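> Pasting in a structure now, in C-alpha cells, and then I'll have a few things to ask.
Coordinate-derived values only; no laboratory data. Quick caveat, the model's predicted, so the values are computed rather than measured. For neighbour counting, all protein chains shown are included, and Cβ atoms are generated from backbone atoms with ideal geometry for every residue, glycine included.
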Amino acid sequence: MKYVNELLSIKYPILQGGMGNISNAHLTAAVSNAGGLGTIGCGTMTPEQVEAIILETKEKTNKPFAINIPINVSPFTEEMVQLVIKHKIPVVSLSAGNPAPYIARFHQHDIKVIVIVAAVKHAQKAEEAGADVLVAEGFEAAGINSNLELTTFALIPQICKHVSIPVLAAGGIGDGHGLAAALMLGAAGVQMGTRLIATKDAPFHSIYKQRLIDAADNETVILGRSVGQVRRVLKSGYAKQIIDLERQGLSEEQYRQMTSEDFHLKGALSGDCENGFMNSGQIAGLIEDIPTVQELLDGMMREAKAVMEESLSLFTF
C-alpha cells in the first residue's frame, strides 16, 4: 500500500474511477484534496471539453489527479494523449483497448500509467507493455464491464499472483471493510466510482443519489449481454425498455444508440429514469448516507485499520 501511495504521490490508496461524460472538476478535485487520486474520464467528450475540465480542476486543487482515456471508446484518443502531455498530468489510466502503443510515450514525459484490466492475461500483457499500476475491475462494477464476468473476490488474488506491479481492486468496494478485504486479497489499494456518486461533492442529480441510498442488494441490472457489450446500471423504466428490446432481437447498433452518453447524462444529471439510465455498481446496496468526499475517505481508512486489527486479534500463535 505504501508503495502505490509513493508511486502516485497520494496520501490514501484510493482512486476515483473514470466517469466518462459526467466527469467534472468539482468531484475530481475533491477526491485529490481528500488524499486520494481524482480522475477525469474522457468518455466521448471532445478535446475542448476535457481541456476545460482539466483547467478547472487545476484551479480547485494543487494535488495530483489523473485522466482516464477509454482507447476504443473515445473518438479523440490521440488528441487526449496529447492533452495529457501538454498539461503535464502526472497519471493517466488507460482502458477499453490495447495500451501498449501509448505507454512508452507517457513514460517519456514522466507520466505514470495505470491500465484497467479484467483478466490475468490482460494484466500480464499490460505489465509486459510497461504499465506502472493495474486496476483489476470485477463484474460488480458500474457501467461498461468485461464480458468475462469475473468477480472482484476471485479476480484480484489471481492477478496479484501473476504480476509483480501494484494491483488496485475495483468493483463492489465502497467502505473500509471493502478496502480491508482488497488489501487482504493482495491489492495495493482500491478504485471506486459508485460510492463517490453519493457524496456532497458530486454534482449529480439528487434523484440519482437518493436512488443509491434507497437501493437494495438486487437494485442493479445488466444490459447488453445479447450484443456482447455489458453494462451495469440501476433498475429503471428505461433499463427495462432496453432489456425488453434485447429479448426481441435489438441490434448492436440500436443498443449503442440507446446506451450512448446522451442517455447517461439524462439519468445522472437530469434524474430522468424513464428516458435515461444511471450507472451503478452492486455496492449501491451498502450505501446509506451522503458524506463529503473527505469524510468518506478518512472514514474508510479508519474503518479498514480497525477491521484488520480486529481480524488479527482472532488469531493466536
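> Using +1 on the beta carbon of Lys and Arg, -1 on that of Asp and Glu, and nothing else charged, what's the dipole of the range 109-203 about the Cα centre, debye to 20?
Roughly 80 debye, rounded to the nearest 20.
> Shifting gears a bit: Would you please name the GluC sites (Glu not before Pro) within the range 125-202 that are DSSP coil residues with at most 14 other C-beta atoms within 10 Å of their C-beta?
GLU149
> If you don't mind, there's one more thing I want to ask. How much length is gained if the chain between ASP289 and GLN229 is pulled fully straight, taking 0.36 nm per residue apart and subtracting their Cα-Cα distance, in nm to one decimal?
18.4 nm
> With a ≥ b ≥ c taken as the square roots of the eigenvalues of the C-alpha gyration tensor of the range 220-279, please select rounded if a/c is under 1.5 and otherwise prolate if a/b is larger than b/c or oblate if it is not?
Here the range 220-279 falls in the prolate category.
> Ok, one more. Only counting other Cβ atoms within 10 Å, I'd like LEU314, LEU196 sorted with the fewest neighbours first.
LEU314, LEU196
> Spin-label point model (7 Å from Cα, Cβ direction): what's the GLN210 to HIS87 distance in nm?
3.3 nm
> Given only helices, namely DSSP H runs of n ≥ 4 each adding -39500 (n - 2.57), what is the per-residue ellipticity at 222 nm of the chain, to the nearest 500 deg cm²/dmol?
-13000 deg cm²/dmol
> Go ahead and collect, in residue order, the members of the range 79-97 whose backbone nitrogen is under 20 Å from a label point 7 Å along the Cα-Cβ direction of ALA119.
Under 20 Å, as judged by backbone N against the label point of ALA119, lie 94-97 of the range 79-97.
> Give, as a single signed number, the net charge of other residues whose beta carbon lies under 10 Å from the beta carbon of ALA131, with Lys and Arg counted +1 and Asp and Glu -1.
That sum, taken over residues with Cβ under 10 Å, equals -1.
> Apply 1/(1 + (r/R0)^6) to the Cβ-Cβ distance of GLU6 and GLN248, taking R0 = 45 Å, and write down the FRET efficiency to the nearest 0.05.
0.25
> Restricting to DSSP loop positions (anything but H, G, I, E, B) with no more than 16 other Cβ atoms inside 10 Å of their own Cβ, which trypsin sites (Lys or Arg not before Pro) remain in the range 188-259?
Listed in order of number, the matching sites are LYS200.
> When the dipole is taken about the Cα centre of the range 57-147, and only Lys, Arg (+1) and Asp, Glu (-1) are charged at their Cβ, what size is it in debye, to the nearest 20?
260 debye
> Right, here's the next one. Take the alpha carbon atoms of the range 1-113, find their radius of gyration, then divide it by 2.2 N^0.38 Å using N residues; give the quotient.
Relative to the rule-of-thumb radius for its length, the range 1-113 sits at 0.97.
> Compute the Cα gyration tensor for the chain, then decide on rounded, prolate or oblate, letting a ≥ b ≥ c be the square roots of its eigenvalues: rounded whenever a/c is under 1.5, prolate when a/b is larger than b/c in the other cases, and oblate in all that remain.
rounded
> If we count other beta carbons within 10 Å of each Cβ, what is the order of ILE290, ILE69, fewest first?
Ascending number of Cβ neighbours within 10 Å: ILE290, ILE69.
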